[in-house]
Every structure is written in structure tokens, then in C-alpha cells.
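Please treat every number below as a calculation from the coordinates, not as lab data. Just so it is clear, the model here is predicted, and its values are computed rather than measured. All Cβ positions, even for glycine, are placed from backbone atoms using ideal geometry, and neighbour counts span all protein chains on display.
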Amino acid sequence: MDFVKISIGDIVEMKKEHPCIHRCKLFEVVRIGADVKLKCQACGHVVMLDREAFNKKLRKIISEK
Ligand SMILES: [Zn+2]
């Protein structure tokens, strides 16, 4: 399975919104390793997904650094 190419600082849109009051779908990539850490652009909370889950839940990359 190929992983989507992303780098730190990329803004990504996910298929599911963050379950915070803002219902934001945009996240900033803050860490890439075995897991990907994403920061909600509305509330600043960081969520962690493994690479496979990230690939499945990613809709598109909004901006690349
Ligand atoms: Zn949020």
C-alpha cells in the first residue's frame, strides 16, 4: 500500500470533521512517523492516526509547504 506523500506543515482536509464544536475538517500535519499527528485548525487539538488510517480518512491536501 502506498502512503500519501505529505510533509510537516501541510494543511489537509479529512473526510470526517474533528468532533470539536467547530466541526473543522482542516488539519495541519505536525508530525510524521509510524503515526501521523494532525492539529485541528479550529481548536488546536492534536489527533494521532496511523499511516493507514490517515490514508483512508484523507480527502485531499489543501496546501503543501
Ligand atoms: Zn477541533
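A few comments on the model shown:
- Around the amide H of ASP10, modelled in the peptide plane, lie the amide H atoms of VAL29, LYS65, all under 5 Å away and 5 or more residues distant in sequence or on another chain.
- Stretching the chain fully between HIS22 and LYS56 yields a gain of 10.0 nm (0.36 nm per residue, less the alpha carbon separation).
- Assigned charges on the beta-carbon of Lys, Arg, Asp, Glu; the chain dipole about Cα centre (debye): 180 debye
- Taking label points 7 Å from Cα along the Cα-to-Cβ direction, ALA42 and LYS65 give a separation of 2.4 nm.
- For segment 22-33, putting each phi into the Karplus relation 6.51 cos²θ - 1.76 cosθ + 1.60 with θ = phi - 60° gives couplings of 7, 6, 7, 9, 9, 9, 9, 6, 10, 7, 10, x Hz, in residue order, rounded to whole numbers and with x for Gly and Pro.
- With the highest mean first, a sort of the peptides 52-64, 35-47 on other beta-carbon atoms found within 10 angstrom per residue produces 35-47, 52-64.
- Ellipticity estimate at 222 nm from DSSP helix runs (n ≥ 4, -39,500 (n - 2.57)) divided over the chain, nearest 500: -2500 deg cm²/dmol
- Evaluating 6.51 cos²θ - 1.76 cosθ + 1.60 at θ = phi - 60° for every residue in segment 51-60, the Karplus couplings come out as 4, 5, 5, 4, 4, 5, 8, 6, 8, 7 Hz, glycine and proline recorded as x.
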